[in-house]
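The structure appears below as structure tokens.
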Amino acid sequence: MKPIGVYIHFPWCLKKCPYCDFVSFAKDRADIDHAGYAEAVLAELALRRGELAGRPLRSVFFGGGTPSLWSPSELGRVLTAVLEAAGGGEGAEITVECNPTSLDEDRARALRDHGVNRLSVGVQGLDPARLKFLGRLHDPDGGLASVEAALRSGMPRVSADLIYGVAIGAEAPSPIESAAEVDRVAATGVTHVSAYSLTIEPGTQFGELARKGRLPIAPDDAVAEAFFAIEEKLQARGLVHYEISNYARSGDEAQHNLGYWRGTDYLGLGCAAYGTIGDAAGHAVRYRNVPDPARYAKAARDGDLAALVESEEPLDPETRLRERIMLGLRLRDGFDLEGSARELGISAWTADRRRAADRLIARGDLTLEGGHLRLPPHARVHADGITAALF
Ligand code: SF4
């Protein structure tokens, strides 16, 4: 049986950040129905547990939103039920996304005691003005303190998230400043860092400002220079650049995200969660749960799977192969195009794809060895354009 991951969405944050396009609603911790939401997710799990039966559970990821706001005992109740449905889930990576404003040593220890073995902390930056511009509720010291608290708690693995390429007014940070920030975070002893360039999404406050021409945007070349400066700094700290935006000590790569990048199935639970479940013939269905927490909870409690799902998209093998190209080439090790195509029951090479690959290989922007595609390091900063050519 093929491995599977589980994603559980927690849809509340203390405040909505202006760049964020995730489904999250601002709410005080005391106003969240912690037990009610756990009951709803457990009810959904009861409807979907058949998908987990007999399959090795690779990972469980509590994302959001801010799942570190969730009462650890309620989160733990959900986790216990997921592991039980998966036959124990021995060895699975279990991650909770955290914000500095809802993570201290006691909370980290409580999560560890409930079986969580990895925390991903949204530090986002160490410059007070940029954190404010990003709408973050914590300051640089708060970000570092939460990472240190997570490490002190005995949590086996701690990752920090950072955003670079954030311009304020006419000023984008220099590559040296960006690299110095990630270096300070890496110096805490985290074994994984995710460093994302700021992307402006439509439908967000930043998206709206950008549309009106009122958002400062860092120039592409400054962002690319920061990308390479960050890479140099983190690699010097022993963190390997294993995916475009991700660095880890060997063995501490994010298993859940590796599953996404390699096209592994995952079960989505919770309001607004996505899930993708494949069949033996290479097809799959991607579903998305309703994004409204109250509608979600009612449908789950009613045991009404049809009302729980907002949309369903059938994915044919060719679409799945294109996704694997797009995501697999984000990885330092690339991916096995011909093996993936065999697994999906289709041919790896259309005439157009072969021509595009030959062109990219001749230009030095792609390698192909034994059916395995990979981007050389210099080309990774342009990965999106390169992978699109192979569609
Ligand atoms: S804390 Fe995270 S999920 Fe919540 S609004 Fe900010 S970016 Fe979005």
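Some observations on this one:
- Residues with amide H under 5 Å from that of GLY334, placed H, sequence gap 5 or more: LEU375
- Of all DSSP-defined beta bridges confined to the range 125-260, some 55% are antiparallel rather than parallel.
- Antiparallel DSSP beta bridges within the chain, percent to nearest 5: 40
- Cβ-defined net charge surrounding ARG286, 12 Å radius [Lys, Arg +1; Asp, Glu -1]: -4
- Alpha carbon centroid spacing (whole Å) that separates the range 142-162 from the range 97-125: 7
- Accessible surface ranking that places the most exposed of PHE391, PHE10 first, with a 1.4 angstrom probe: PHE391, PHE10
- Estimated at 0.36 nm per residue, the fully extended path between ALA46 and ARG354 surpasses their Cα-Cα distance by 106.3 nm.
- Each of THR199, ALA388, PRO173 was scored by the projection of its Cα onto the charge dipole of the chain, and the greatest displacement toward the positive side belongs to ALA388; charges sit on the C-beta of Lys, Arg, Asp and Glu.
- Computed from phi, the 3J(HN,Hα) profile of the range 288-305 under the Karplus parametrisation 6.51, -1.76, 1.60 (θ = phi - 60°) reads 9, 6, 4, x, 8, x, 5, 5, 4, 4, 5, 4, 5, 4, 6, x, 9, 4 Hz, with x in place of Gly and Pro.
- Legend: residues ARG359, ARG288, ARG380, sorted from most to least accessible area (1.4 Å probe; ligands, DNA and RNA excluded), read ARG359, ARG288, ARG380.
- Heavy atoms of HIS241 accessible to a 1.4 Å probe, total area in Å² rounded to 10: 0
- Surface accessible to a 1.4 Å probe, ASP304 within the full protein complex, Å²: 60
- Converting phi to 3J(HN,Hα) with the Karplus coefficients 6.51, -1.76 and 1.60 and the offset θ = phi - 60°, the range 61-69 yields 10, 8, x, x, x, 10, x, 6, 6 Hz in sequence order, with x at every glycine or proline.
- Exposure ranking of TRP70, TRP349 by accessible area [1.4 Å probe, largest first]: TRP349, TRP70
- Dividing the helix sum by the residues of the chain, where each DSSP H run of 4 or more adds -39500 (n - 2.57), gives a mean residue ellipticity at 222 nm of -11500 deg cm²/dmol.
- Kirkwood Rh in Å, taken over the range 161-306 so that all alpha-carbon pairs contribute: 18.3
- Residue-count net charge about THR101 - beta-carbon cut-off 12 Å; Lys, Arg +1, Asp, Glu -1: +1
- Stretching ILE168 away from ARG342 to a fully extended chain increases their span by 57.8 nm, per 0.36 nm per residue minus the current alpha-carbon distance.
- The value obtained for the range 1-127, namely the Cα convex hull volume divided by the number of residues, is 117 Å³ per residue.
- Legend note: in the chain, cysteines whose Cβ sits 4.7 Å or more from every other cysteine Cβ are CYS13, CYS98, CYS271.
- Accessible area per residue for the chain is 43 Å², calculated with a 1.4 Å probe on protein heavy atoms, without ligands, DNA or RNA.
- Using a probe radius of 1.4 angstrom, the carbon and sulfur fraction of the accessible surface of the chain is 52%.
- Taking the chain and dividing mean pair separation by its residue count, relative contact order in percent (alpha carbons under 8 Å, at least six apart): 15
- Reciprocal mean inverse distance between Cα atoms of the chain - Kirkwood radius, Å: 21.9
- nm² value of the averaged projected area, convex hull over the Cα atoms of the range 318-389: 4.2
- Under 15 Å, Cβ to Cβ, from PRO140 - net charge with Lys/Arg +1 and Asp/Glu -1: -4
- Rounded accessible area of LYS233 (nearest 10 Å², 1.4 Å probe): 80
- Model label sites at SER311 and THR80, defined 7 Å from Cα along the beta-carbon direction, differ in position by 3.7 nm.
- Computed from label points 7 Å out along Cα-Cβ, the spacing between ARG55 and HIS378 is 4.2 nm.
The values are calculated or read from the model by the stated rules, or taken from the named source; none is laboratory data. Bear in mind the structure is a predicted one, so any value in this text is a computation, not a measurement. Ideal geometry is used to build each Cβ from the backbone, glycine not excepted, and the neighbour counts take in all protein chains shown. Areas reflect the complete protein model, heavy atoms only, side chains present, ligands, DNA and RNA absent. Shrake-Rupley method; radii C 1.70, N 1.55, O 1.52, S 1.80 Å.
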